[in-house]
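The structure appears right after this line, and notes come after that.
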Amino acid sequence: MATPQFASFYPDFYIERLWDRCIKCKRCIKECTYEAHIWEAKKKTLLEDHVKCVGCHRCEAFCPTKAIIIKRHPAQFREHALWTPWFIKNIYKQADQGGVLLTSTGCMLPFKNYFDHLVLDACQVTNPPIDPLREPMELRTYIGSKPEALEIEEVDGRFRLKKKLPPLIKLEVPIMFAGMSYGAISLHVHQGLAKAARDLGTLYNTGEGGLHASLYEYGANTVVQCASGRFGLHVDYLKAGVAIEIKIGQGAKPGIGGHLPGEKVTEEISKTRMIPVGSDALSPAPHHDIYSIEDLRGLIFALKEATEYQKLVFVKISAVHNVAAIASGVVRAGADAVVIDGLKGGTGAAPTMFRDYIGIPIELAISAVDKRLRAEGIRHRTSIIASGGIRCSADVVKAIALGADAVSIGTAALIAVGCTMCQRCYTGKCPWGIATNNPELLKRLPPEVAYEKIYNLVKGWAHEIKEMLGAMGINSIESLKGNRDKLRAVGLTKEEMEILEVKHAGE
Amino acid sequence: MWNLTTLGREVSGCGISGIIHRKGEPISGQMIIKSICCQYERGNGLGAGFAAYGIYPDFKDYYALHVMAQSKEALEKVEDFLQRRTFLTFQEPIPTRKVKTIHNPPLFKRYFVKPRVEGEESCGLFAEEEQMVQIVMEINEKIEGAYVISSGKNMGAFKGVGFPDEIAEFFRVDEYRAYIWTAHNRFPTNTPGWWGGAHPFTLLDWSIVHNGEISSYGTNRRYLELFGYKCTLLTDTEVVAYALDLLIRKLGLPLELACKAMAPPFWMEIDEMEEEERELYSALRILYGGAVLNGPFAILFAYNGGLVGLNDRVKLRPLVAASKGDLYFMGSEEAAIRSICPDPERVWAPKAGEPVIIEMEEGAIPNQKSYLKVRPKEVREDALRIRSIPLSLFTS
């Protein structure tokens, strides 16, 4: 007798077919990459394998007669507050297969989301709100390390700079795209992100998968990543963008490296990553040339030397308990910007335990880092870029008021191109053509569509940010940076408010 | 009962007025009183004040500390502190009159001092002023119930809770003669009557009167704290004073550029500039973004040698300037100017973000300062350590 596979007994989702609508066109079979829809040739009818359904809603969206509804499976275990279906099913999975639980996206646990406990201010009477449709409203932000004071001279009665500023990166909108590798996401999404970044005047980030040949033309809007696997890393790559990001950690999986399964390593990816087709791309947990802060300094300046001090070097760390001290060390080691990725930051593949339980929320991390850098008198010399769970423009405003210079979005950009958060990116079968490089699936999301959606999203957010700034009576984003006066807490403890440096609503 | 402390940050609307004589001839206090009282409706009786320059010619080389205190004990603590930290040459109560609407006012006393500068090499003006700033900050922060309301040479501030005519009467402002005057009539909206919150706000010989609300207060405060300023008075105007001190006195920016750092041109204007100018203005905004004063304001600030008017960059509060001969006037309303100068030669409304800078003729007054030129900046060594770039193969 074969060993029973307990996990297969209890599906998560239920595919409901409305037979009065279904015309048996088999479109659902074509759309579903998980083979949850089956054609029963003998009976000439459609069947469902509910266990295989991941809840991506692709079939539902594309059914021409709207005959499909994807629901939570109605079958229930007996109630138990501790042993919820989530834990029961995870144990079945591991008992069946003996492996590590894998998942995707960011932390899904309902930890307190601090953004949702912060409200914003607006002007009434004593100062006028500003209308961004009638008055200029500025979102331009410069990223990089800055000297403390300008050197100015007077020549023929005119003032001018005696010494030019070091290279800095101009962002027309304080929203960048987070590092997502070619491999984890499709080439088309990369192309869309790159073009959107160019047209929006911001930056996208290659992630650690190298830079596809077709994307070199977007160099002025590119951050190239240097992660522990060093995939696709060569001097032309380093020089291709405007900044190099040393990825030490990722919010979704602090303390471990990445894993791109061999199945996802196609011909194109193998060329870009400089690894053989079909081989697993495993990046180690540490950078094996960085075992200490002085080693990080070594790498920062090795990269600066290699790029003749023309490129900025960012260092990305995940928000962990001691993030403030680490960020301070990173800045002192010579990084031009410190990128902090919080607990809620996403991923294409991570062990579930890491995704859900390791790291701290980004809101607390931003405030702690900002406070630490201020206490050390170096906050104005560097930039803080925050990511991990930014869902809307108000989150962006709050992150900046807590002390970030700019934010990065990853998950939000993917949702913009159709992601339904089914959390199965690691399978490489993304039916929406986002987290896959299967040549057939790729076609489902053309680069132009990806571009348009991403561009629209950020344009909409930028407009909303302008409206919120105007309501607060300020007409330039630099006056929001670290401005805790614009925030009030609702339902936070004294300790939380101390860390966030905000007052409670009503105070 | 009057208060020396406040619960929260001040928000207020106001009227302002200022006069300067470019040759340094003294102007009677009656003139500024008339001008500010013309703008009576711009206040609500909860604060008024005056700053006067050139009023202590006998002690012109000493820092005149105007101290406001809650009690004799607080004053004694101040005096103890001054004994330790300064050379005190003269002290006296600030002369006042009884005003029937002002009940139970604080005690006011003035001290003429020079700081005891520690160390051998630090004997220049900068070190001396730095020491004075420290002394003022320490008194304000550490001695409960005592505030230094002005601390410059040959100048002083007179301020309190009341309408401007009442405060003028109380401090006998009409008896002083000064070559620069500024005045303020206050309309606070949230914290009634606290004497320290009245304007002008001062630091060394900077004095500021301000109509507006600084919406960027939180950002400005954090930026200024990086440089050791402590915002204890919880007023918007305090950050304006410190920002000026930082940009002009410490970082050596010429006055015009300091004003541009605080009320910068829009990026779309900067983008249209010629390359050299564009680089300069971009750099100003990039480096000194924390000093940008955002929100509606019109301010007048004065120092030993000049009077400056500045509006926010979209001009959300009124400011008018006028001149007649060597006299220059600025005020919230043209009427305030015409009430004391019915026939000005020129009257104009300064554009948004365009500073009006009136400096006195060279040599007009003792200890004269001029901030029109670039000056050397103070270097903070500790903060520079973060970017000591190693020898490069590529840069020479």
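Relative to the longest principal axis of the Cα atoms of chain A, the long axis of helix A:362-375 makes an angle of roughly 20 degrees. Neighbours of A:Lys26 by Cβ distance under 12 Å: Lys/Arg scored +1, Asp/Glu scored -1, total +2. Relative to its Kirkwood radius, the Cα radius of gyration of chain B gives an Rg/Rh of 0.97. The Cβ shell under 9 Å around B:Lys23 holds other residues with a net charge of -2, Lys and Arg each +1, Asp and Glu each -1.
Sort A:38-49, A:481-492, A:437-448 by the packing proxy (mean of other Cβ within 10 Å over each peptide's residues), most packed first. Kindly include the intermediate steps, with their values, before the conclusion.
Numbers: A:38-49: 12.1, A:481-492: 21.2, A:437-448: 16.5.
The peptides rank, most packed first, as A:481-492, A:437-448, A:38-49.
Among the residues of A:136-142, the average count of other protein chain beta-carbon atoms within 10 Å of the residue beta-carbon is 4.
Restricted to Cα atoms, chain A shows a radius of gyration and a Dmax of 24.3, 95 angstrom.
Placing unit charges on the Cβ atoms of the charged side chains and taking the dipole of segment A:6-99 about its Cα centre, the candidate lying farthest along the positive direction among A:Tyr92, A:Cys53, A:Cys63 is A:Cys63. Helix A:293-306 sits at what angle to the longest principal axis of chain A, using alpha carbons and giving 0 to 90 degrees rounded to 10? Once rounded, the angle reads 80 degrees.
Which whole number gives the average count of other chain Cβ atoms within 10 Å of the Cβ atoms across peptide B:206-218? Walk me through the numbers before you get to the answer.
On the way: counts 0, 0, 0, 0, 0, 0, 2, 5, 5, 17, 12, 4, 12.
Mean number of neighbouring Cβ atoms from other chains: 4.
Distance distribution note for segment A:6-99: the fraction of Cα pairs above 16 angstrom is 59%. In summary, the helical segments of chain B meeting the span-like criteria, namely a full DSSP H run, a Cα extent along the axis of 24 angstrom or more and a mean Kyte-Doolittle hydropathy of at least -0.5, are B:125-142. Between segment A:372-400 and segment A:279-321, the C-alpha centres lie 21 angstrom from each other. The simple Förster model, with R0 at 30 Å and r as the Cβ-Cβ distance, assigns A:Glu135 and A:Glu495 a FRET efficiency of 0.15. Averaging the sequence gap over all C-alpha pairs within less than 8 Å and six or more residues apart, then dividing by the number of residues, gives chain A a relative contact order of 19 percent. Across segment A:273-413, the mean sequence separation of Cα contacts (distance under 8 Å, 6 or more residues apart), normalised by length, yields a relative contact order of 21 percent. With the charge dipole of segment B:234-348 set up from +1 on Lys and Arg Cβ and -1 on Asp and Glu Cβ about the Cα centre, the Cα lying farthest toward the positive end among the listed residues B:Ala263, B:Met330, B:Ile248 is that of B:Met330. Considering only B:Tyr371, B:His103, B:Trp181, and ranking their Cα positions along the charge dipole of segment B:12-387 that arises from unit charges at the beta-carbon of Lys, Arg, Asp and Glu, the one farthest toward the positive end is B:His103. How high is the relative contact order of chain B, in percent, counting Cα pairs under 8 Å that sit 6 or more residues apart? With pairs under 8 Å counted, the relative contact order is 24 percent.
What is the packing order of peptides A:244-254, A:149-159, taking the mean over residues of other C-beta atoms within 10 Å and listing the highest first? Mind showing how you got there, number by number?
Numbers: A:244-254: 26.9, A:149-159: 14.0.
In descending order of packing, they fall as A:244-254, A:149-159.
When N counts the residues of segment A:272-315, how does its alpha-carbon radius of gyration compare numerically with 2.2 N^0.38 Å, as a ratio?
Values: Rg = 13.7 Å, N = 44, 2.2 N^0.38 = 9.3 Å.
Against the compact-globule rule of thumb, the ratio is 1.48.
Taken about its Cα centre, the protein assembly as shown carries a charge dipole of roughly 2560 debye when the Cβ of each Lys and Arg holds +1 and the Cβ of each Asp and Glu holds -1. Pairs exceeding a 22 Å alpha-carbon distance, out of A:Lys162/B:Lys260; A:Lys170/A:Lys271; A:Lys371/B:Lys377; A:Lys371/A:Lys503; A:Lys195/A:Lys459: A:Lys170/A:Lys271; A:Lys371/B:Lys377. If we count every other residue with Cβ under 12 angstrom of A:Arg198's Cβ, Lys/Arg +1 and Asp/Glu -1, where does the sum land? After counting each charged neighbour, the total is -2. Against chain A, whose longest principal axis is taken from its Cα atoms, helix A:323-332 shows a tilt of about 50°.
How big is the convex hull of the Cα atoms of the protein assembly as shown, per residue, in Å³?
On the way: hull volume 179.7 nm³, N = 903.
Residue-normalised Cα hull volume stands at 199 Å³.
Rounded to the nearest 20 debye, the dipole size of chain A about its Cα centre is 1140 debye, using +1 on the Cβ of Lys and Arg and -1 on the Cβ of Asp and Glu. Charges were assigned to the Cβ only: +1 to each Lys and Arg, -1 to each Asp and Glu. The resulting dipole of segment B:12-387 about its Cα centre is roughly 760 debye.
Taking beta carbons within 10 Å but only from partner chains, what does the mean come to for residues A:478-491?
On the way: counts 12, 13, 5, 7, 7, 9, 4, 9, 5, 1, 0, 0, 0, 0.
Per-residue shielding by partner chains comes out at 5.
Here r is the Cβ-Cβ distance between B:Glu269 and B:Asp174 and R0 is 45 Å; the resulting FRET efficiency, rounded to 0.05, is 0.50. Computed from backbone phi, the HN-Hα couplings of segment A:428-437 come to x, 9, 2, x, 8, x, 9, 9, 7, 10 Hz, rounded to whole numbers (Karplus: 6.51 cos²θ - 1.76 cosθ + 1.60, θ = phi - 60°; Gly and Pro given as x).
Sorting A:340-348, A:3-11, B:65-73, A:414-422 by average packing, meaning the other beta carbons within 10 Å per residue, from highest down gives A:340-348, A:414-422, B:65-73, A:3-11.
Every number here is computed from the coordinates shown, using simple stated rules; none is lab data. The structure presented is a predicted model; accordingly, all values stated were derived computationally and were not measured. For neighbour counting, all protein chains shown are included, and Cβ atoms are generated from backbone atoms with ideal geometry for every residue, glycine included.
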